[in-house]
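What follows is a set of notes on a single structure, which appears directly below.
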Amino acid sequence: MNHIIQNVHAENKISTFQSAFAGGAAGAFTRAVAQPLDVLKIRFQLQLEPIKQGSKYASIFQALTAIVREEGVTTLWSGHVPAQLLSVTYGIVQFSTFEQIVSTCQRVDAQFSQSHRHAINFSSGAIAATVATVVSFPFDTVRTRLIAEQKTKKAYKGFSHALATMIKTEGARSLFKGLLPTLAQIAPHSGIQFAIYKLFTDNILTKVAFFQRPATLSSTVESTLVANLISGSIAGFVSKTAIYPFDLVKKRLQIQGFQEHRSGFGKQMYCSGVLHCVKLTINNEGFLALYKGYGPSMCKAIYVSALHFAVYDEIKHFLMRVGR
């Protein structure tokens, strides 16, 4: 049994370069098509007033039309440069780290890795995401600032200007505002994502002939593009729902010291840390305010997670086939 597992692993081994390339390409593609949903999500998360008729942003459609009418259609791609740098960097580090951890576990004890694969997928995904988050976090902060600013009262000329201005006026530490709640949510978020995705692609959908790829040189059954899209969307929905409040708190911390450039959006929050932000949010807006922006965020999570995993696996399988 152990010999068979080792052979299967050898046949399906992906190099660090292949996983890094596939992860970066998947991140760039999904970011390009999903950026408007990210802009909507962040605008909702930063709105202190209730999300109801008459408020600045009351629904996904109303917010979309208001942003385009008041600030132009290009606003839907605000912060796209740092967002792309974030996605590419994150994708490269996350997927290459994940593949290397799983590969190392299989080399050390293939039989143990096979019998505990779900736990290993979860822990490997959590570790990979934590490393990727720390490396790419400054891009996330700059992206949030560019999305959060009122385009009729701009603070920054673009990515490089925003980066330089933040370091000059607020110090390099400002690029890591909101890192604590991000790390608190990213490990379980990514762990759940990878575990659920692998569960469906490796153990559930591949049991159905419709979701199986045509036989290849590999002795393992590979899931189809449709199966990967379904698995990715389920993984995105479950993982995002589990950690959403942490994401909202992160966004609100990232704009501290920047409120004067958002006066046209209504009330502004001034908080000193994670617990203070949570306390103010619940006291002033109610507990459900921790889920503001959940609608566009969930659309984005399902859409992006499905595309991210599916595109990554398609590129990975292509590179592995070419390299045989």
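Could you check Thr152 against (1) among the hydroxyl-bearing types (Ser, Thr, Tyr); (2) buried (at least 17 other Cβ atoms within 10 Å of the Cβ); (3) in contact (Cβ under 8 Å) with a residue 24 or more places away in the chain and say which number it fails?
Status for Thr152: all satisfied but (2).
Within segment 208-324, considering only helices (runs of 4 or more DSSP H) that don't extend past its boundaries, which have at least 1 residues that are farther than 28 Å from Thr144 by Cα and out of contact with any strand residue (DSSP E or B) (no Cβ under 8 Å at 6 or more places or on another chain)?
Filter on segment 208-324 gives 225-254, 294-323.
Being among the polar types (S, T, N, Q) and either surrounded by fewer than 22 Cβ atoms within 10 Å (Cβ to Cβ) or over 20 Å from Ala26 (Cβ atoms) (or both) narrows it down to one residue among Thr97, Thr65; which is it?
The conditions single out Thr65.
Just to be sure before I move on: is Thr74 under 22 Å from Pro181 (Cβ atoms), surrounded by fewer than 20 Cβ atoms within 10 Å (Cβ to Cβ) and polar (S, T, N, Q) in the structure I sent?
Answer is no for this residue.
For every residue, the table says whether it meets (1) closer than 28 Å to Phe309 by Cα; (2) surrounded by fewer than 21 Cβ atoms within 10 Å (Cβ to Cβ).
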{"position": "Thr130", "(1), (2)": "yes, yes"}
{"position": "Asp140", "(1), (2)": "yes, no"}
{"position": "Leu146", "(1), (2)": "yes, no"}
{"position": "Lys157", "(1), (2)": "no, yes"}
{"position": "Gly171", "(1), (2)": "no, yes"}
{"position": "Leu180", "(1), (2)": "yes, yes"}
{"position": "Gln185", "(1), (2)": "yes, no"}
{"position": "Pro188", "(1), (2)": "yes, yes"}
{"position": "Tyr197", "(1), (2)": "yes, no"}
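Return the only residue of Ser87, Ser103 being surrounded by 23 or more Cβ atoms within 10 Å (Cβ to Cβ) and part of a helix (DSSP H, G or I).
Sole residue among the options that is surrounded by 23 or more Cβ atoms within 10 Å (Cβ to Cβ) and part of a helix (DSSP H, G or I): Ser87.
Let me confirm something: among Tyr291, Tyr303, Tyr312, which residue is under 22 Å from the mean Cα position of the chain (by Cα), aromatic (Phe, Trp, Tyr), under 19 Å from Ser96 (Cβ atoms) and surrounded by 16 or more Cβ atoms within 10 Å (Cβ to Cβ)?
Criteria check complete, one pass: Tyr312.
Hey, could you check segment 236-261 for residues that are of a type in the set (S, T, N, Q) and either without any contact (Cβ under 8 Å) to a residue 40 or more places away in the chain or crowded, with 19+ Cβ neighbours inside 10 Å (or both) and say which is farthest from Gly293 (Cα to Cα)? Give the steps one after another, and end with the answer.
Step one: of segment 236-261, the residues of a type in the set (S, T, N, Q) are 239, 241, 254, 256, 259.
Applying the additional criterion that residues be either without any contact (Cβ under 8 Å) to a residue 40 or more places away in the chain or crowded, with 19+ Cβ neighbours inside 10 Å (or both) yields 239, 254, 259.
Working: Ser239: 16, Gln254: 16, Gln259: 19 Å.
Ranking the candidates gives Gln259 first.
All but one of (1) touching a residue at least 60 places away in the same chain (Cβ under 8 Å); (2) closer than 19 Å to Pro181 by Cβ; (3) over 25 Å from the mean Cα position of the chain (by Cα) hold for Gly264; which doesn't?
(2)
Bear in mind these aren't lab numbers, they're just calculated from the coordinates by the rules spelled out. In this text, all values refer to a predicted model and were calculated from it rather than measured experimentally. In this analysis, Cβ positions are derived from the backbone assuming ideal geometry, glycine residues included, and neighbour counts consider all displayed protein chains.
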